Amino acid sequence: MKLTTKIFIGLALGALVGLGLHLAAPDLFTTLDAYVFSPLGTVFLNLIKMLVVPIVFFSITLGTASLGDPKKLGRIGGKTIAFFLVTTTIAISIAISLAYLFQPGNIDIDTAGAEYESKEAPGVVETFTNIIPTNPIQSMTDGNMLQIIAFAIFIGFALAMLGKKTEGIYKLVEQGNEIMMFLVNLIMRFAPYGAFGLLASAIGTMGIDGMQAMGMYMFVVILGLFIHALVTYGSAVSFLGKMSPVKFFKGFFPAMTVGFSTSSSSSTLPVSMKTAQENLNVPKPVSSFVQPLGATINMDGTAIMQGVATIFIAQVYGTDLSFASLIMVVLTAVLASIGTAGVPGVGLIMLAMVLNQVSLPVEGIALIIGIDRLLDMTRTALNITGDAACAVVVAESERKHDVDQEAQRMQA
Ligand code: ASP
């Protein structure tokens, strides 16, 4: 049986068992969750999380070093960031339009007891200056992805410039990367069981009662995720990436199931890189550069949730947002999704930043927190798909660039 099929069965069984126990035997669920489901999920999560920091370091260093020429690095970096910004803006626009169309917040819901304490989000300037680590070892201990990426780009650049002189270290990084990829393959064999545990635990805890009241909100978010995947990514990979969307989604599906079960782009990174390299033919240097960066700053699914949630909260509290406020929502949601770390639930915390910006009550978050777990899973699957779509597009445009250069050389 193929691994994807197994993971799928794990997810389905997990959902069934979780829901069944939630309805029929809640006490038994609590015990099983404590001793079976949660531990299974945690072991799987820990296994892949264990690889994240070394994989980001090795692969970005290697990616940068093998791109070699700084011009090429700049070009790929530019294209990647442009793709991320454009698709995230499209994502929020889709979300806001759908929220106005379906009016999920026009419901009778009691906001009296809603309490939510928002955490202080760092300022924009600080976020940028903090990208450069003062102590790279500390960044690795803290798992600060942007700082690790920055450090790895510097080391990769130096390796490329020093060439023969640092051949030894280059080889070391290359072999380190091999080891990580080998381990990803090994750990993935455990994925069906991990997926089962994670889903049984999530669905069993959540149940369906909460979902009913929030049905319309959930529907709009999930619809937005689907539209963005099929229309935005579908057309990007087919027009810009010259790949059939069917091949793209089918090839990347295994990684999406892992993103769905873990709710974490950064934990899924090892799997999403392997999947893009093997099933979507993305060359290693491009995948190694685009995907870790994307897993850290490109969160279209999160942006969609934030867009729908903002309009939802405005509707619940009966606030009309002006056009200028809507533009503000788009801008801050782009920033908020960039600032969202690729770990479970952070998107909701960053939503406070968007709400503050347009003076909506942050307490509104309390209304959607209960059902966020399931949406977190779904949006994470989309978040990593956006990075893969970008990798496919950048890979194709680099291929074209190389062919054009070759043709020019032949002419000269
Ligand atoms: N869990 C999401 C991710 O890792 C982030 C979020 O929206 O909370 O991609």
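Coordinate-derived values only; no laboratory data. None of the values given here were measured: they were computed from a predicted structure. Cβ placement follows ideal geometry from the backbone for every residue including glycine, while neighbour counts extend to all protein chains displayed.
By other beta-carbon atoms within 10 Å, ranking THR111, THR166, THR296, THR64 with the fewest at the front produces THR111, THR166, THR296, THR64. For the cross-link pairs LYS6/LYS71; LYS6/LYS247; LYS242/LYS274; LYS2/LYS72; LYS6/LYS72, which exceed 32 Å when the distance is taken from alpha carbon to alpha carbon? Over 32 Å apart, Cα to Cα: LYS6/LYS71; LYS2/LYS72; LYS6/LYS72. Taking each full run of DSSP H in the chain as one helix, which ones are at least 20 Å long along their axis (Cα atoms) and have mean Kyte-Doolittle hydropathy of at least -1.0? Helices meeting the criterion: 3-24, 38-67, 70-102, 145-162, 167-188, 191-206, 245-262, 300-316, 323-339, 372-411. The tail of the calculated P(r) for the range 323-412, taken as Cα-Cα distances beyond 23 Å, holds 46 percent of the pairs. Here each label is just a point 7 Å from Cα along the line to Cβ, and for VAL43 and LEU85 those points are 4.6 nm apart.
Among VAL394, VAL358, VAL246, a tally of other beta-carbon atoms within 10 Å of each Cβ gives an order, fewest to most, of VAL246, VAL358, VAL394. With r as the distance between the Cβ atoms of SER238 and ILE169 and R0 = 30 Å, compute the FRET efficiency 1/(1 + (r/R0)^6) and round to 0.05. About 0.15, to the nearest 0.05. Between GLY234, LEU28, THR310, the Cα set farthest toward the positive side of the dipole of the chain (charges on each charged residue's Cβ, about the Cα centre) is that of GLY234. The Cα atoms of the range 134-263 give a gyration tensor whose axes a ≥ b ≥ c have a/c of 1.5 or more with a/b greater than b/c, which makes the shape prolate.
Hey, how much of the P(r) for the range 1-76 falls beyond 21 Å, as a percent of Cα pairs? The calculated P(r) of the range 1-76 puts 56 percent of pairs beyond 21 Å. FRET efficiency for the ALA34 to THR5 pair, using the beta carbon distance and R₀ = 30 Å, is estimated at 0.55. Site-free segments of the chain were taken between GluC sites (Glu not before Pro) in DSSP loops having at most 11 other Cβ atoms within 10 Å, sites themselves excluded; the longest one is 121-412. For the range 261-324, applying the loop criterion from DSSP together with a ceiling of 16 other beta carbons within 10 Å to the chymotrypsin sites (Phe, Trp or Tyr not before Pro) yields TYR317. Let me test this: with uniform point scatterers at the alpha carbons of the chain, what is the Debye-based log₁₀ I(q)/I(0) at q = 0.06, 0.14 1/Å? Normalising to I(0) and taking log10 leaves -0.25, -1.30.
Between ILE137 and TYR317, the C-beta separation translates, for a Förster distance of 51 Å, into a calculated FRET efficiency of about 0.65.
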